[in-house]
Amino acid sequence: MSISPSPSRAPLYEQVAQRVRDLAASAGLQPGDRLPPERELAQRLGVSRSSVRQALTLLRAAGLIHTRQGDGVYLQRPPEEIHADLTTAAIAAQQSMPQVMEVREALETHLARLAARRRSNQDVDRLRAAYDAMATAIERGEDPCDADAQFHAAIAHAADNPMLERLMDQLATQIALTRRASLSRPGRPARSLEGHRRILEAIVARNEEGASAAMREHLMVVADVAHDAPAAG
């Protein structure tokens, strides 16, 4: 049965996250078991794969699942333990968005500057591939979030500072929530792609100031999701 958003209920992605938890519980899955693939979950729940991915991001923030690169999504805790934590995680994720965006601005504007200074030809190829993948996804009406994440990860790699790159990895779940919240808005994917184009051009040109400024401008657009976050307390 499909899930329809309702203004009087939780956001769709939160409803989907709850349904994924319920599916795991009804199937008797336990920590270490693998969840069905995104496509199968989307078909079962009657929602888009984008909604499933956003729900999985929330479940990851709640500590229910973890991703093994190239191998799928696995349960990390028993589904029955997560009911209260899921709501708490959703509220906490919303409330933390302003802080996450402040951290992103501090880190990613500097990473863009370093990438412009230190990037290799291979880094440029990686950035262009991520940019092209995002453009293709948008043109096809597909989810651009993965390509968006690859673009920002490529910048962190090009900066050639393993400690900063690890910091970005540690913030990946929180950043993913801001990314999905932003890219789900009408017209936002194309605007984000344009921001990526400016960042890419500055890095290719080794324009450190231009890269930092372009990243700051891009993140200012993303940051409007933080203004909608509920206040703590």
Please report Rg (one decimal) and Dmax (integer) in Å for the Cα set of the chain.
18.1, 55
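Average the reciprocal distances over every distinct pair of alpha-carbons in the stretch 107-151, invert the result, and give the Kirkwood radius in Å.
Roughly 11.3 Å, rounded to one decimal.
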Relative contact order, percent, the chain [alpha-carbon distance under 8 Å, six or more residues apart]:
21 percent
Scattering profile of the stretch 103-233 at q = 0.13 Å⁻¹ [log10 I(q)/I(0), Debye over alpha-carbon scatterers]:
-0.49
Taking just the C-alpha trace of the stretch 23-76, give me its Rg and Dmax in Å.
10.5, 26
Ellipticity estimate at 222 nm from DSSP helix runs (n ≥ 4, -39,500 (n - 2.57)) divided over the chain, nearest 500
-22500 deg cm²/dmol
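FYI, it's all coordinate maths here, none of it is from the lab. Quick caveat, the model's predicted, so the values are computed rather than measured.
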